[in-house]
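Have a look at the structure below, then the notes.
The values are calculated or read from the model by the stated rules, or taken from the named source; none is laboratory data. Quantities reported herein were computed from a predicted structural model and do not represent experimental measurements. Here the Cβ positions follow ideal geometry from the backbone for every residue, glycine too, while neighbour counts run over all protein chains shown. Ligands, DNA and RNA are stripped out before the accessible areas are found, and what is left, the full protein with its side chains, is counted by its heavy atoms. Shrake-Rupley method; radii C 1.70, N 1.55, O 1.52, S 1.80 Å.
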Amino acid sequence: MAQRSKAYRAAAEKIDENALYSPAEAVALAKDSNPSKTDATVEVAMRLSVDPRKADQMVRGTVNLPHGTGKTARVVVFTQGDNVAKAEEAGADFVGGDELIAKVADGWTDFDAAVASPDMMGKVGRLGKVLGPRNLMPNPKTGTVTPDVAKAVGEIKGGKIDFRVDKHSNLHFIVGKTSFDTQALAENYAAALEEILRLKPSASKGRYIQRATVATTFGPGIPVDPNVTKVVAE
């Protein structure tokens, strides 16, 4: 087992591992127990009672966090024609067609989100092996395959996140930075939670959210009460 830093151990001492904190308490404690001196990302992990191997139990969606993510996402747009200028005006970091696709096919993935216009998906589809494992593949269900590339770029830059349950039934997403106030973090958590609950598959039996934790990038996990579905900042 890796030796934990003194700062990490001090942070962990503030957390009662046997307690279940409300979301607002958890994000406040994450801010207080951040062992890093940097403005760390606040992350959430959930274990869902779904079998992602079955198509009708795949939980995947997007949500616009009301207070953003605290980081400016680098967005690549695969498009052509008039959409090139529209994407650039919307703030896309990289825009292009065949040359950009070839660059990504060679392994370049220095971006956080990818958008494609429908007329490019025949070629972008070939990037599945590169983009798929990184959860970067444009998808109509998440609004990243769209003729309105400018709108998609604007939403991503404004704090839109996407999430997808992994093969172990775990879901990960970010709710902001430790520099956010507790209410902003709690409201971001609430927005994501509302969408995750809305997407509950009918085949999911028993308690849908089995476990939930909040943590900073380098901090200890804080157990959240999975029964609390109405989040109110304190």
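Scan the stretch 31-69 for trypsin sites (Lys or Arg not before Pro) in coil per DSSP, keeping those whose Cβ has at most 11 other Cβ atoms within 10 Å, and list them by number.
Here the sparse-neighbourhood loop sites are K37, R53, K54.
Project the alpha carbons of the stretch 67-142 onto their principal axes and report the range along each, largest first, in whole Å.
Largest to smallest, the principal-axis extents are 35, 30, 24 Å.
Please report, as a whole percent, how much of the solvent-accessible surface of the chain comes from carbon and sulfur atoms (probe radius 1.4 Å).
It is 48 percent, rounded to a whole number.
Distance cut-off 19 Å, Cα to Cα: go down the list K103/K141; K129/K160; K141/K230; K141/K200 and report the pairs above it.
Going by Cα-Cα distance, K103/K141; K129/K160; K141/K230 fall outside the 19 Å limit.
Ranked from the most accessible area to the least, with a 1.4 Å probe and all protein chains present, what is the order of T146, T72?
T72, T146
Taking Cα centroids, how far is the stretch 95-117 from the stretch 59-75 in Å?
20 Å
Would you work out which of N139, A24, P118 lies farthest towards the positive end of the dipole of the stretch 1-142? Charges go on Cβ: Lys and Arg +1, Asp and Glu -1.
A24
Hey, could you get me the Stokes-Einstein D for the chain, Kirkwood radius over alpha-carbon pairs, 20 °C and 1.002 mPa s, rounded to whole µm² s⁻¹?
113 µm²/s
For K160, what residues show an amide H to amide H distance below 5 Å, using hydrogens built from the backbone and excluding near sequence neighbours?
L65
Shape verdict for the stretch 19-125, please, from the Cα gyration tensor: rounded (a/c under 1.5), prolate (a/b greater than b/c) or oblate.
Judged from the Cα gyration tensor, the stretch 19-125 comes out prolate (a/c at least 1.5, a/b above b/c).
For the chain, what is the charge dipole size about the Cα centre, in debye to the nearest 20, if Lys and Arg each add +1 at the Cβ and Asp and Glu each add -1 at the Cβ?
800 debye
Helix 182-198 versus the longest principal axis of the chain: what angle, 0 to 90°, nearest 10, using Cα atoms?
Taking the Cα atoms of the chain, the angle to 182-198 is about 70 degrees.
Taking only DSSP H segments of four or more residues, each worth -39500 (n - 2.57), what value at 222 nm results for the chain once the sum is divided by all its residues, to the nearest 500 deg cm²/dmol?
It lands at -8000 deg cm²/dmol.
What number comes out for accessible area per residue over the chain if the probe is 1.4 Å? Units Å², please.
Per residue, the chain has an accessible area of 52 Å².
Using +1 at the C-beta of Lys and Arg and -1 at the C-beta of Asp and Glu, which of A73, P220, A184 has the Cα lying farthest in the positive direction of the dipole of the chain?
Most positive-ward Cα: P220.
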